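Read through the structure below, which is laid out as structure tokens, and then see the notes.
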């Protein structure tokens with residue numbers, strides 16, 4: 001894995017912490033990885049498999 005640095009609005013961090021507090025994810029990084037994976041599946045891989053190329 002590679003390390004990246006991102007800036008997020010405070011409400012996003014609070015929501016991520018809530019997901020961790022509810023034990024849905026072990027830590028922020030895992031929640032962010034899941035969100036990115038889901039975004040890529042929908043926006044990139046899902047569009048390719050359905051022949052869509054743009055928004």
The stretch 21-34 - residue that is farther than 17 Å from residue 2 by Cβ and surrounded by 15 or more Cβ atoms within 10 Å (Cβ to Cβ) and, of those, farthest from the chain's Cα centre (by Cα): 25
Residue tally, condition within 12 Å of the chain's Cα centre (by Cα) and either over 13 Å from residue 33 (Cα atoms) or exposed (fewer than 10 other Cβ atoms within 10 Å of the Cβ) (or both), over the stretch 9-19: 1
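Every read-out reported here was derived from the displayed coordinates using simple, explicitly stated rules and does not represent laboratory data. Because the structure is a prediction, the values reported are computed rather than measured. Positions of Cβ are backbone-derived with ideal geometry, glycine not excepted, and every protein chain shown enters the neighbour counts.
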